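The values are calculated or read from the model by the stated rules, or taken from the named source; none is laboratory data. On a predicted model such as this, the values are computed, not experimentally measured, just so you know. Neighbour counts run over all protein chains shown; Cβ positions are idealised from the backbone, glycine included. Remember, those area values only see protein heavy atoms, side chains included, never the ligands or the DNA or RNA. Shrake-Rupley method; radii C 1.70, N 1.55, O 1.52, S 1.80 Å.
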Amino acid sequence: MYILIVGPAGSGKSLLTSEFGQYLENYYSVRYINLDSGAIRVPFKPDFDIRDFYTLEEIMKEKNLGPNGATLEAVDRLSEIDFPQYEEDFTLLDAPGQLEPFVFRGGVEVFRSFTDGCIYLVDGTAPLKTFPSQYLYSLATQYALEMPMIRALNKIDLLDPKKIEELERMMTDPRMFQNIEDIGMRSQMNIDIADLLMKIYTPSSFPAISAKTQEGFENLATLLFETTKTDHDTAAKFSLTES
């Protein structure tokens, strides 16, 4: 199963790739792919590393580009890479730090043919009033990816239980956006966004996890099997090892 891990910069993608991979290794064979050409280091040992082909710094020097221009060039070059097709149970792909160029410039198109699904990380430490826009951002990402997606609330080790519960309710029922205290135009927009989402999107499970402590990983793995086109033998192996 190929799983793409995406999310805004700083949401914890690389740490989740590392820690969730270690968790899965208790039951499965796991491979790791790093897609971030701008990373100085990653907290896992990649089996395939885009930096072996090019780095953001190299592109900046080669093309005389700034960081943003080099990021766009790096995304464009992904289509030129022959990515490996591993036979292991899981292959985790750590997406580039900047989500927008990767998703909305077509960088993900090369992965659609062999990726089974993705995990979209929502940073639980972000201000509450940003969650309607975060929700819309995740939907836009899912629309662009055209693959099964699990939204996961990350960094719950930094949150109190009351806020975790509130965020879980909000992300599974967009009507909760109407309860966010705000003023002016954004208050009305929250109501309109909630109404729109209830028409076009069926709320689903929203696992709360910590990429740092591995809390919630069992639930996350179970949802992966339910959401993606996982073969029955792999899912059964997880069921037996967990029982």
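Annotations
- The convex hull drawn around the Cα atoms of the stretch 54-131, when projected onto a plane and averaged over every direction, covers 7.1 nm².
- Entry comment: accessible area of the stretch 1-103 is 45 Å² per residue, from protein heavy atoms only and a probe of 1.4 Å.
- In nm, spacing of pseudo-spin labels at GLU215 and THR125 (7 Å Cα→C-beta vector): 1.4 nm
- The order of the peptides 116-122, 78-84, 52-58 by mean Cβ neighbours within 10 Å, most packed first, is 116-122, 52-58, 78-84.
- Amide hydrogen neighbours beyond the local backbone of CYS118, cut-off 5 Å, H modeled: LEU4, MET149, ILE150
- Members of LYS162/LYS212; LYS13/LYS129; LYS63/LYS129; LYS45/LYS129; LYS63/LYS155 lying beyond 31 Å, as alpha-carbon distances in this model show: LYS63/LYS129; LYS45/LYS129; LYS63/LYS155
- The stretch 97-150-the stretch 20-91 distance, computed between alpha-carbon centres (Å): 17 Å
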